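Rule-based calculations on the coordinates, nothing more; no lab input. The structure displayed is predicted, hence computed values, not measured ones. So basically every Cβ, Gly included, is an ideal-geometry build from the backbone, and we count neighbours across all protein chains shown.
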Amino acid sequence: MAELSQLKMLLDLEQQREDKTAKDFAEVQRQVQDNQMRLDGMSKYRLDYLNQLQQRGQGGIQSMQVSQYHAFVGKLDEGVEQLHHEVVKLQQVLAQRKERWLAQRRKRESIEHLIKEKEKREQKDQARKEQKNLDDFSSQRFIRDKKF
């Protein structure tokens with residue numbers, strides 16, 4: 001019985017660890033989503049800005065304005081590239097955190113399985129003891145009844 005209580009304590013500990021790894025995974029997942037949204041927004045803004053440049057170019061634009069537009073688009077390109085690299089890094093971290101979480105979940109599930117098996121064995125042992133006691137009682141009663 002002491003071993004079962006120890007397993008249950010271990011299960012609680014592993015559940016806490018699983019909860020923490022799941023929380024870590026969810027946090028990185030949120031970061032990936034946030035940065036992906038920022039990347040999508042910046043990419044869309046860049047595209048809109050280029051379309052605006054094209055429209056102004058058709059109406060006539062000074063060369064100085066064109067160079068300013070191109071300089072700004074260059075800055076947007078750098079920002080898009082940085083965000084893209086950040087998203088890629090976060091996706092790698094996300095994959096690692098997911099693997100840690102799944103490994104921890106498997107560990108907790110294994111302990112749960114051990115507990116269930118131990119409880120089944122203890123129930124069977126208890127049932128056998130009760131049956132043995134009933135058999136002994138019946139045997140003693142039969143012997144006692146024969147004597148009288």
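Determine, yes or no, whether Ile115 is in contact with an Asp or Glu (Cβ under 6 Å, 6 or more places away or on another chain) and surrounded by 11 or more Cβ atoms within 10 Å (Cβ to Cβ).
Considered against the rule, which asks whether it is in contact with an Asp or Glu (Cβ under 6 Å, 6 or more places away or on another chain) and surrounded by 11 or more Cβ atoms within 10 Å (Cβ to Cβ), Ile115 comes out as no.
Would you confirm whether any residue within the stretch 67-76 is surrounded by 14 or more Cβ atoms within 10 Å (Cβ to Cβ), under 33 Å from the mean Cα position of the chain (by Cα) and over 30 Å from His113 (Cβ atoms)?
Looking for residues that are surrounded by 14 or more Cβ atoms within 10 Å (Cβ to Cβ), under 33 Å from the mean Cα position of the chain (by Cα) and over 30 Å from His113 (Cβ atoms), one finds none in the stretch 67-76, hence no.
Going through Leu94, Leu90, Leu83 one at a time, which residue ends up being surrounded by 16 or more Cβ atoms within 10 Å (Cβ to Cβ), in contact (Cβ under 8 Å) with a residue 40 or more places away in the chain and within 14 Å of Arg46 (Cα to Cα)? Walk me through it before giving the result.
Values: Leu94 fails: within 14 Å of Arg46 (Cα to Cα); Leu90 fails: within 14 Å of Arg46 (Cα to Cα).
One residue alone meets the criteria, Leu83.
Residues checked against (1) over 51 Å from the mean Cα position of the chain (by Cα); (2) free of Cβ contacts under 8 Å to residues at least 24 places away in the same chain:
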| residue | (1), (2) |
| --- | --- |
| Ser110 | no, yes |
| Glu119 | no, no |
| Lys124 | no, yes |
| Arg128 | no, yes |
| Ser138 | yes, yes |
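Among Lys118, Lys124, which is the only one that is basic (Lys, Arg), over 17 Å from Asp12 (Cα atoms) and out of contact with any strand residue (DSSP E or B) (no Cβ under 6 Å at 6 or more places or on another chain)? Give the steps one after another, and end with the answer.
Working: Lys118 fails: over 17 Å from Asp12 (Cα atoms).
Exactly one of Lys118, Lys124 is basic (Lys, Arg), over 17 Å from Asp12 (Cα atoms) and out of contact with any strand residue (DSSP E or B) (no Cβ under 6 Å at 6 or more places or on another chain), namely Lys124.
For the stretch 56-79, state whether one or more residues are hydrophobic (A, V, I, L, M, F, W, C), assigned to a helix (DSSP H, G or I) and within 30 Å of Arg108 (Cα to Cα).
The first filter runs over the stretch 56-79 and keeps only residues hydrophobic (A, V, I, L, M, F, W, C), leaving 61, 64, 66, 71-73, 76.
Of the ones still in play, those that are also assigned to a helix (DSSP H, G or I) are 64, 66, 71-73, 76.
Cutting the leftovers down to within 30 Å of Arg108 (Cα to Cα) gives us none.
Among the residues of the stretch 56-79, not one is hydrophobic (A, V, I, L, M, F, W, C), assigned to a helix (DSSP H, G or I) and within 30 Å of Arg108 (Cα to Cα), which makes the answer no.
Suppose we filter Arg38, Arg56, Arg17 for residues that are basic (Lys, Arg), more than 25 Å from Val87 (Cβ to Cβ) and under 26 Å from the mean Cα position of the chain (by Cα); which single one remains? Full working, then the answer.
Numbers: Arg38 fails: more than 25 Å from Val87 (Cβ to Cβ); Arg56 fails: under 26 Å from the mean Cα position of the chain (by Cα).
Answer to the check: Arg17.
Please give the number of the condition Ile115 fails out of (1) free of Cβ contacts under 8 Å to residues at least 60 places away in the same chain; (2) assigned to a helix (DSSP H, G or I).
Of the numbered conditions (1) free of Cβ contacts under 8 Å to residues at least 60 places away in the same chain; (2) assigned to a helix (DSSP H, G or I), the odd one out for Ile115 is (1).
Let's see how each residue does on (1) over 30 Å from Gln126 (Cα atoms); (2) in contact with a helix residue (DSSP H, G or I) (Cβ under 6 Å, 6 or more places away or on another chain); (3) free of Cβ contacts under 8 Å to residues at least 12 places away in the same chain:
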{"site": "Glu3", "(1), (2), (3)": "no, no, no"}
{"site": "Leu7", "(1), (2), (3)": "no, yes, no"}
{"site": "Asn35", "(1), (2), (3)": "yes, yes, no"}
{"site": "Leu39", "(1), (2), (3)": "yes, yes, no"}
{"site": "Val66", "(1), (2), (3)": "yes, no, no"}
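Taking the stated definitions as given, is Arg46 in contact (Cβ under 8 Å) with a residue 24 or more places away in the chain, of a type outside the set (A, V, I, L, M, F, W, C) and either out of contact with any Leu (no Cβ under 7 Å at 6 or more places or on another chain) or under 30 Å from Lys120 (Cβ atoms) (or both)?
Details: in contact (Cβ under 8 Å) with a residue 24 or more places away in the chain: yes; of a type outside the set (A, V, I, L, M, F, W, C): yes; either out of contact with any Leu (no Cβ under 7 Å at 6 or more places or on another chain) or under 30 Å from Lys120 (Cβ atoms) (or both): no.
For Arg46, the condition - in contact (Cβ under 8 Å) with a residue 24 or more places away in the chain, of a type outside the set (A, V, I, L, M, F, W, C) and either out of contact with any Leu (no Cβ under 7 Å at 6 or more places or on another chain) or under 30 Å from Lys120 (Cβ atoms) (or both) - is not met.
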